[in-house]
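Heads up: the structure comes next, in structure tokens.
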Amino acid sequence: MGKDMNDEAFEEQVPESLALVSETSEGPQELQEEEKTSRYELAAEFGSTLRLPEGIDVNPGDIDIEFADETMIINMGPQHPSTHGVLRLMMELDGEVILRTKPVVGYLHTGMEKTGEGLTYLQGPTNVTRMDYLAPLSNELVFSMATEKLLGLEMPDRVTWIRMLMVELNRCASHLMWMATNGMDLGSSSMMIYGFREREMILSFFEKVTGLRMNHNYIRPGGVAADLPDGWEDDVLSIIETIPGRLDEYDELLTGQPIFRERVDNVGIITAEQAIALSATGPILRSTGVAWDLRRDMPYLNYDQVEFDVIVGSIGDCFDRYSVRLNEIRESLRIIAQIADKMPSGDYKIQDKKVTPPPRMRIDESMEALIHHFKIYTEGFKVPEGEVYVAIESPRGEIGCYMVSDGSAKPYRMHIRGPSFVNLQTLPTMLRGGIIADAIAAISSVDPVMGEVDR
Amino acid sequence: MSMSEVLHVERLNYLATVTDLKNQGYEMCVDVVGVDYLTNMDRPLPEDVIPERFEVVASLLSLSKRSRVRIRVQVPQDDPTIETLFFLYPGTEAMEREVYDLMGITFLNHPDLTRILMPEGWEGHPLRKDYSIGSVPVQFKSVNGAG
């Protein structure tokens, strides 16, 4: 910090100097010049005193614990390794049996919906792609589809198929990641290595196409950022030839293995009625036997032109959710094979001067093209007034984008309906009556991504 | 794109309309979202709808009919309250808390209306249009090696 560590004013000058931004209750958010900044303020900026964990002011003697009924409330997280990020669960225990659970979220809240109101529609995908960081392309797709619906644009054929290819590959990557972490949570660390190994193949392909392994900003309003690179068919072919064999290995490693089955069979059961009432979607809903998949039931892109099965479970326990995800990878690979066959040639961006900047080549020859390019990237394009809700099937369930436009170049309100955020509400139901060791399996089977929960 | 319709409902009829829709086969409430129209009061609305500052939008989904319906309710600035849907759709618990937390709309009879994303004891509702996002100026080192 470079400040005198014996600064005695540290304790005394706390409250008065801290009223710069009245909106926050945790002191000022702005720094003065360095000479004028006290150590307290610097410390606050570095996070040592700002954003204390909740409950730090609680005197343990003040907590009213009733010893008579012998229940105990314990906190799991937010730093527990098997809570998949910063999920905190408050659990009421009777011995080892869980009675009530309350998920406490918000530790990763960064105000992305507010941020989204300050970004143009072209900048928007860079923001939303960071929400569900295991399925970034789904976020970009739903944002782009909402924008395009407001604009009334119809995408060229190739754009639609490229988007489907990328999103399905992303679904495989996300489910493989889940297989890895689920194995890790349940004590099969070799599964983690295998899951990451297979995911790596897909991420390498993404890197080739988009330039990045995560947070691609590849799917944008008006098309995709770049065409598929030469030789993409070979990469896709090697993915769909390699992974099915590996999935069969998982079957041998986990599906038929008694120790694994002991951990997941009849654990964390949720019924179809409960799942629907709690608005759960995705693998959680399907594991209860409800065949609901937006790709089939409310088709978007070209999902009505490919063949695939909707995988359902039967009793909605952790094993059902495991097998739904495992077999969804197989179905996704089936879809990818069909996409690779059907991929048409054509434009990878819509030829609409309003939303598409001119190609790089034109900028060197034409002043108008340069101005046009500059305008689209600085001011953005205007989107007609209106409001729209678009929903697609992400690996975790229904991801929706509610977008309001006031006719300017930035969304007036941009809300993402995160599937993890809603699915987390099923945890108290799944855990009730189970033992605390099973909580790990159940939390893992919900597959929450905290970036999307907290946004 | 699937079938989807928009209903404008008065605040007093909100709960009754949603109950009706639930009985008609809209089994799931997928989303509840609040919008602050402070700087966009002259937005296009049907003629019989009086624009208010806030809007609560609930999206219902029917699995059996494969259709969606979106309910838009006007909520006035001086009384930002609306009935909760919790007793029809328990899954709205977290969504309504999010709207309360970030938009400051109170859901009447909600079982646990507390902040969900922002820290407890935070003042203000960040997604309101009159909530300042503040700024953090870049701090440069002094030239003369002080500090």
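Structural remarks
- Look at the stretch B:39-49: the mean tally of other chain Cβ atoms within 10 Å of its residues' Cβ atoms is 2.
- Selection of GluC sites (Glu not before Pro), region A:296-343, meeting DSSP coil and at most 13 other Cβ within 10 Å: A:E307
- For region A:181-191, 3J(HN,Hα) computed residue by residue from phi via the Karplus equation (6.51, -1.76, 1.60; θ = phi - 60°) reads 6, 5, x, 4, 4, 9, x, 9, 6, 5, 4 Hz, glycine and proline entered as x.
- With the simple model of a label 7 Å out from the Cα in the direction of the Cβ, B:D112 to A:T255 spans 3.8 nm.
- Local electrostatic count, A:G116, Cβ distance below 12 Å [Lys/Arg +1, Asp/Glu -1]: +3
- Seen from A:D438, the other residues with C-beta closer than 13 Å to its C-beta sum to a net charge of -3, counting Lys and Arg as +1 and Asp and Glu as -1.
- Working ranking of peptides A:149-162, A:122-135, A:210-223, A:249-262 by packing, defined as the average number of other Cβ atoms within 10 Å per residue, highest first, is A:122-135, A:210-223, A:149-162, A:249-262.
- Site pair A:K208 and A:T378 shows an inter-label distance of 3.9 nm when each label is modelled 7 Å from Cα along Cα→Cβ.
- Modelled label positions at A:V310 and A:T242, each set 7 Å beyond Cα in the direction of Cβ, lie 3.3 nm from each other.
- Shape summary of region A:363-455, radius of gyration then Dmax from alpha carbon positions: 21.3, 71 Å.
- Between the amide H of A:Y121 and those of A:F381, distances stay under 5 Å, these residues lying 5 or more places away or on another chain, with hydrogens modeled in the peptide plane.
- For region A:209-286: relative contact order, % (alpha-carbon pairs under 8 angstrom, 6 or more apart): 13 percent
- Counting, for every residue in A:397-409, the Cβ atoms of other protein chains within 10 Å of its Cβ and taking the mean gives 3.
- Cα centroid separation - region A:424-443 against region A:128-207, whole Å: 27 Å
- Net length available on complete extension from A:I435 to A:E96 is 121.5 nm, with 0.36 nm assigned per residue and the Cα-Cα distance removed.
- A:R417 long-range amide H proximity, modeled H, under 5 Å: A:G400, A:C401, A:Y402
- Folded to 0 to 90 degrees: helix B:14-23 orientation relative to chain B principal axis, Cα: 50 degrees
- Gyration tensor verdict on region A:96-226 (Cα atoms; rounded if a/c is under 1.5, prolate if a/b is larger than b/c, oblate otherwise): oblate
- Relative contact order computed over chain B (Cα-Cα under 8 Å; 6+ residues apart), in percent: 23 percent
- Radius 13 Å from Cβ of A:P156, net charge of other residues (Lys, Arg +1; Asp, Glu -1): -3
- What the pair-distance distribution of region B:1-42 shows, using all Cα-Cα distances binned every 5 Å from zero, is 5, 14, 20, 29, 16, 10, 6, 0 percent.
- The per residue volume of the convex hull around the alpha-carbon atoms of region A:268-352 is 111 Å³.
- Helical content alone sets the calculated 222 nm signal of the protein assembly as shown at -11000 deg cm²/dmol, taking -39,500 (n - 2.57) per DSSP H segment of four or more residues and averaging over every residue.
- Taken one residue at a time, the phi angles of region A:234-250 give Karplus couplings (6.51, -1.76, 1.60, θ = phi - 60°) of 5, 5, 5, 4, 5, 5, 6, 8, 7, 5, x, x, 5, 5, 4, 5, 4 Hz. Gly and Pro are set to x.
- Between the amide H of A:I73 and those of A:L93, distances stay under 5 Å, these residues lying 5 or more places away or on another chain, with hydrogens modeled in the peptide plane.
- Chain B: angle of helix B:92-103 to the longest principal axis, Cα-based, in degrees nearest 10: 40 degrees
- In a simple Cβ point-charge model (Lys, Arg +1; Asp, Glu -1; nothing else charged), region B:1-74 has a dipole of about 320 debye relative to its Cα centre.
- In order along region A:153-159, phi translates into HN-Hα couplings of 9, 10, 7, x, 4, 4, 4 Hz, rounded to whole numbers, per the Karplus curve 6.51 cos²θ - 1.76 cosθ + 1.60 with θ = phi - 60° and x for Gly and Pro.
- Placing +1 on the Cβ of every Lys and Arg and -1 on the Cβ of every Asp and Glu, with nothing else charged, gives region A:112-453 a dipole about its Cα centre of roughly 840 debye.
- Per-residue average of Cβ from other chains inside 10 Å of B:131-137: 5
- Order of A:E92, A:E387, A:E168 under a 10 Å beta carbon neighbour criterion, fewest first: A:E92, A:E387, A:E168
- Equivalent ellipsoid dimensions for the protein assembly as shown as semi-axes, Å, which come from the Cα gyration tensor, largest first: 36, 33, 28
A short reminder: the numbers here are calculations on the coordinates, not readings from a lab. Note that the structure is predicted; figures quoted are calculated from it, not measured. FYI the Cβ positions are ideal-geometry reconstructions off the backbone, even for glycines, and counts take in every protein chain you see.
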